[in-house]
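Written below as C-alpha cells is the structure these notes are about.
The values are calculated or read from the model by the stated rules, or taken from the named source; none is laboratory data. Everything numeric here is computed off the predicted structure, so don't read it as measured data. Neighbour counts are summed over all protein chains in view; Cβ atoms, including those assigned to glycine, are modelled from backbone coordinates with ideal geometry. In case anyone asks, the SASA skips ligands and DNA or RNA and just uses the protein heavy atoms, side chains included. Shrake-Rupley method; radii C 1.70, N 1.55, O 1.52, S 1.80 Å.
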Amino acid sequence: MNHPIVEQQAKTPASIHLLRYVPQRRPFNWRALDPAAVRSAGDLPPYLILGSLDEASFKRTDKGWSARWQGSEPDTWFELAHDAGRQQWVAEDRWRGITGSITTYKTRIPLPVVIGQAMYGWFPENWDSAAKSLLEGTYQLQVIEPQQGALSMCGIPDGPLRTIAFPLAVGDLRGFRDRLRQCLERWRLPYPVAAEARLTYQGVSWHEGEATGWTDSTRPEDAFCQSVRDTGLLPFGYPRRSEVPGKPAVWTHTRELYFVYLTLPFAGLTDLLHRLASSQGPIRKVDDPGLRFEWQPLVLSAGLEHLAADLTLDDDPRTTLMYLRFKPLAQWGKGVTVDKLIDGIRSAEDDLARAEAISADIVGHIERIVEQINDEEQA
C-alpha cells in the first residue's frame, strides 16, 4: 500500500494554466483581404510575422503596392508586395540580417495559406542555427533544433512559435506567474505569450565527484531530500548508484516535477529572454551564477513537448545527463478539446492552490522526518 503522502501527491494537477497575454491590436478581417482593393496602410494587418506594420513603408503605384512589418531586432523585417500585373503575392523576410525566404504565389491563394504553409511550413534552418549560436552564447540554456524536414507550427499573424521550458518548484509558481503578469502588462509587448506549468518526468544521471551540485554528499537520502526542497515534490525513491570498471560511479535520480512552458512567436524570443533574465531567476545569462544543468531552460519548437516522446541531453563536460519524457498529444485524449482548455483556464487558481497545499504537506512531512533523524543522531 502506498504511503499517504505519496497518495496525496498523486492528486497534484497534471497541468496548471498560469497566464495568457494577448496584445491589443487594431482589428483586421483576413477573410476580407483583397490585394487589389488595398489603398492604404490601414487596409493591411497591423502585425505580421516579425513585427508591427511600418505605415511609412507603404508604397502604392499602378503596378501594385508593398509594405514592411518591422521587427524589434536589427535588420529584421517581413516585406509583402502585390504585383498587380502578374496577380502575385511577393513576400520576403529577414531576421538579424539573414534572409529566410523569398516567396511568390498567385493571389488566388489566400495570404494566410501562402505564409503559413509555403513560407513557414518548414522553418528556415539558417535562422535556427543562428538563433542557437546567439542564445546559447548569451544565456545558460540549450536550443533544441528541430529535425531536418520537421513541420513548423505557424500562427497567423504571429508567425512560427517557440517554447521556453524550465523547471520550477511548486512554491515558486505563483510568484513567477504574478511577476510575469505584471511585467507583461507594463511592457505591452507586440506579441502574445502563454504560460502553463505541466508535470514532466525527469531522469538525471551524474558522475560521482564530478557533477557540480551533486557532490556535497554521497548519501542517497541527502539527494532525496535535496530533490524535495528543489521541486516541492517527492522523487521516485532514492537515487541509484552504479559502477563500471575504469569509470566514475554514476548516480541516477528520477522524479516528476513542474516545468513552466512559455510559448510565444519566434519574433519575440530574444526580446522576452532578455527581459526575463536575472542573476537569481530561472533564466540567467552566461556570466550569472551557474544553474545546475538539469535546471537550465530549453528552447523548443512549439508543440515538440507534445509530439516527441522524450529528449536526452548531456552537459558540456559530459558529467551530467538529463532525460525528459513528455506526454504525447495522443495520450491527452479529450484533454485537448477547446472546452477542456477553457475549463483549465477557469480552474487555474484552484489548481495552483491545490498544488501548493499538497507540496507544503510533502515538504513539511520530509522536514519533520529529517529533524527527527537529526535529533536521534545527536542524542
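Points worth noting:
- Of the strands (runs of 3 or more DSSP E) lying entirely inside segment 51-91, not one contains at least 2 residues that are modelled with pLDDT under 95, over 25 Å from Pro160 (Cα atoms) and among the aromatic types (Phe, Trp, Tyr).
- Scanning segment 156-210 for residues that are surrounded by 16 or more Cβ atoms within 10 Å (Cβ to Cβ) and among the small types (Gly, Ala, Ser), we see that the one that is farthest from Val299 (Cα to Cα) is Ser205.
- Total residues in segment 99-126, condition of a type in the set (Asp, Glu) and crowded, with 19+ Cβ neighbours inside 10 Å: 0
- Close pairs from segment 128-157: first more than 14 Å from Leu304 (Cβ to Cβ) and without any contact (Cβ under 8 Å) to a residue 60 or more places away in the chain, partner open to solvent by less than 50 Å² (accessible area, probe 1.4 Å) and in a helix (DSSP H, G or I), Cβ under 7 Å, at least 6 apart: Cys154/Gly116
- Odd one out for Ser205 among (1) closer than 26 Å to Leu352 by Cβ; (2) part of a strand (DSSP E or B); (3) out of contact with any Phe, Trp or Tyr (no Cβ under 6 Å at 6 or more places or on another chain): (1)
Each row is one residue, and each column tells you yes or no for (1) closer than 30 Å to Leu199 by Cα; (2) open to solvent by 50 Å² or more (accessible area, probe 1.4 Å); (3) in contact with a Phe, Trp or Tyr (Cβ under 8 Å, 6 or more places away or on another chain).
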position	(1), (2), (3)
Ala10	yes, yes, no
Pro13	yes, no, no
Val38	no, no, yes
Ser57	no, no, no
Lys63	no, yes, no
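- Extreme residue, surrounded by the fewest Cβ atoms within 10 Å (Cβ to Cβ), among residues of segment 274-308 that are assigned to a helix (DSSP H, G or I) and without any contact (Cβ under 8 Å) to a residue 24 or more places away in the chain: His274
- Odd one out for Ser129, checked against (1) under 30 Å from Ala36 (Cβ atoms); (2) open to solvent by 50 Å² or more (accessible area, probe 1.4 Å); (3) outside any loop (DSSP other than H, G, I, E, B): (1)
- Count of segment 222-236 residues which are assigned to a helix (DSSP H, G or I), touching a residue at least 60 places away in the same chain (Cβ under 8 Å) and out of contact with any Pro (no Cβ under 9 Å at 6 or more places or on another chain): 2
- Some residue of segment 93-112 being on the phi > 0 side of the Ramachandran plot and more than 19 Å from the chain's Cα centre (by Cα): yes
- Of the residues screened, Arg96 is one that is loosely packed, with under 15 Cβ neighbours inside 10 Å, modelled with pLDDT of 95 or more and touching a helix residue (DSSP H, G or I) at 6+ places or on another chain (Cβ under 8 Å).
- With respect to being within 18 Å of Arg20 (Cα to Cα), open to solvent by less than 80 Å² (accessible area, probe 1.4 Å), modelled with pLDDT under 95 and assigned to a helix (DSSP H, G or I), Ile342 fits the description.
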